[in-house]
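Values quoted throughout were computed directly from the atomic coordinates according to the rules given, and no laboratory measurement underlies them. Since we're looking at a predicted model, the values are computed, not measured. Methodologically, a virtual Cβ is constructed for each residue, glycine included, from the backbone with ideal geometry; neighbour enumeration extends over all protein chains shown.
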Amino acid sequence: MLETKEKETIPFRALILEDHDFQRQIGADVLKACGATEIFEASDGLDALALMHDLTVPIDLFVCDVNMQGMDGIEFLRQLGARSEGSSVIILSALDPSIIRTVVMMAQNYGVRIVGAVEKPPTPEKFRPLLARLSRQRRGTERRQPDFLTVTEIRRALNAREFVPYFQPQIDMRDGSVVGVEALIRWIHPIHGVLAPAVFIPAMEESGLITPVTDALLGRIIENWVVWRDHGLEVAVSLNV
């Protein structure tokens, strides 16, 4: 018999996408044991999108397989990112971990919040740590963000190249020479001015946009480094990732 839910997990509604009937039923049983109050089932992405269209209640968590007949998990995650802000997803798959990491990165680029990945077969022990994290987010015990920090606003700022590197010198204490710089991200917001990373990094991580913003920042760092090199300034550049 499946164990009962942990106290730290609060009730949630879940939609599980899995084209194998038996695996889908096991997943539903695990979610129920972990605190799900309502569980909806879909055999592929198209089935899930149609179900979401008809539902009058929000889905707190999507549990999504990757390989499915019809619309697969990757395409569904792309569709989900375009339709919903802050959607929470657990990837459930038997694929190689390196492939799962790639899927997670793709989903984050789509704007989907990935709670984590679980290897098949699903068990309550595998799900509980991830569901506890989801519960903390829903309780609001994670750091609160300003109202303007939405997925749409972060994407707008990304397209407008508002995320820029500030460079902190690294000094050789023996002679005072600059031997390198550390790149620190800042958001030059048109209304709120210069924003420090503590303000917006948690929102980026939760929305799944931290990877494209990091990539954009690396591009800006390289642009600066090339200019310095062309002017004869050779310094090392470091970045916390």
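Amide H to amide H, which residues 5 or more places from Glu182 or on other chains are under 5 Å from it, using H placed in the peptide plane?
The answer is Gln168, Gln170, Ser238.
Taking every Cα atom in region 41-96, find the radius of gyration and the maximum pairwise distance Dmax, and write them in Å.
10.8, 36
Which value in nm describes the separation of the simple spin-label points at His192 and Leu55, placed 7 Å from the Cα toward the beta carbon?
2.9
Over all pairs of distinct alpha carbons, what does the Kirkwood formula give as the hydrodynamic radius of region 12-139, in Å? All intermediate terms of the calculation are to be shown ahead of the outcome.
Numbers: mean 1/r = 0.0702 Å⁻¹.
So the Kirkwood estimate lands at 14.2 Å.
Quick one: Cα centre-to-centre distance for region 171-185 and region 197-230, in angstrom?
20
Dividing the Cα convex hull volume of region 151-239 by residue count, how many Å³ per residue is that? Walk me through the numbers on the way to the answer.
Values: hull volume 9.5 nm³, N = 89.
Given the Cα convex hull of region 151-239, per-residue volume reads 107 Å³.
Take Cys34, Cys64 and order them by how many other Cβ atoms sit within 10 Å, fewest up front.
On the way: Cys34 25, Cys64 29.
Exposure proxy ranking, most exposed first: Cys34, Cys64.
At 222 nm, what helix-only mean residue ellipticity would the chain give, in deg cm²/dmol to the nearest 500, using -39500 (n - 2.57) for each DSSP H run of four or more?
Calculated at 222 nm, the ellipticity per residue is -13500 deg cm²/dmol.
Which value, in Å³ per residue, describes the convex hull spanned by the Cα atoms of the chain?
That works out to 168 Å³ per residue.
Going by amide H atoms built from the backbone, whose H comes under 5 Å of the H on Lys120, apart from near neighbours?
Close amide H contacts, sequence-distant or interchain: Ser93, Ala94.
Near Gln69, within a Cβ-to-Cβ distance under 9 Å, what is the net charge of the other residues, with Lys and Arg +1 and Asp and Glu -1? Let's see the in-between values first.
Working: positive: none; negative: Asp19, Asp44, Asp72.
The answer is -3.
On full extension of the chain, what length is gained from Arg161 through Asp29, given 0.36 nm per residue of separation minus the C-alpha to C-alpha distance?
Values: separation 132, 0.36 × 132 = 47.52 nm, distance 4.58 nm.
The span from Arg161 to Asp29 would gain 42.9 nm if fully extended.
Using a Gaussian network model of the chain with C-alpha springs under 10 Å, which one of Val164, Val30, Val179 is most mobile by mean-square fluctuation?
Val179
Grab the other residues whose beta carbon is less than 11 angstrom from that of Tyr166, score K and R as +1, D and E as -1, and report the net. Please list the in-between numbers first.
On the way: positive: Arg186, Arg220; negative: Glu182.
Residues near Tyr166 contribute +1 overall.
Take every DSSP beta bridge with both residues inside region 86-220 and express the antiparallel ones as a percent of the total, to the nearest 5. Provide the component values of the computation, followed by the final result.
Numbers: 12 of 18 bridges.
Of all bridge pairs located within region 86-220, approximately 65 percent are antiparallel.
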